């Protein structure tokens with residue numbers, strides 16, 4: 001049985017649009033956004049799932065993982081954590 005994985009989140013607010021950008025600290029390039037912190041948190045959960053799918057799929061195929069984007073330069077306005085429970089599907 002796999003235990004939960006916990007990732008650290010950093011949120012930035014775009015002063016011009018008022019939207020929030022969030023990225024997973026441990027996974028550069030895993031980024032999402034939302035009109036509120038709660039919406040950004042929900043969106044990053046989806047982005048994290050897709051990000052991990054791509055990383056695992058690439059590893060299984062012996063391909064390099066996608067190259068991460070640099071972390072945002074603006075200082076975060078708030079921090080958070082997101083715990084996920086890994087699930088693996090066997091496809092034949």
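Annotations
- Hey, residue 82 assigned to a strand (DSSP E or B) and modelled with pLDDT under 90 or not: yes
- Summed over the range 10-26, the residues that are under 19 Å from residue 55 (Cα atoms) and crowded, with 17+ Cβ neighbours inside 10 Å give a count of 2.
- From the list 14, 4, the lone residue that is over 12 Å from the mean Cα position of the chain (by Cα) and in contact (Cβ under 8 Å) with a residue 40 or more places away in the chain is 4.
- Qualifying residue in the range 61-72 (condition: modelled with pLDDT of 70 or more and in contact with a helix residue (DSSP H, G or I) (Cβ under 6 Å, 6 or more places away or on another chain)): no
The values are calculated or read from the model by the stated rules, or taken from the named source; none is laboratory data. Computed from a predicted model, the values in this text were never measured in an experiment. When we count neighbours, we look across all protein chains shown, and the Cβ atoms used for this are built from the backbone with ideal geometry, even at glycine.
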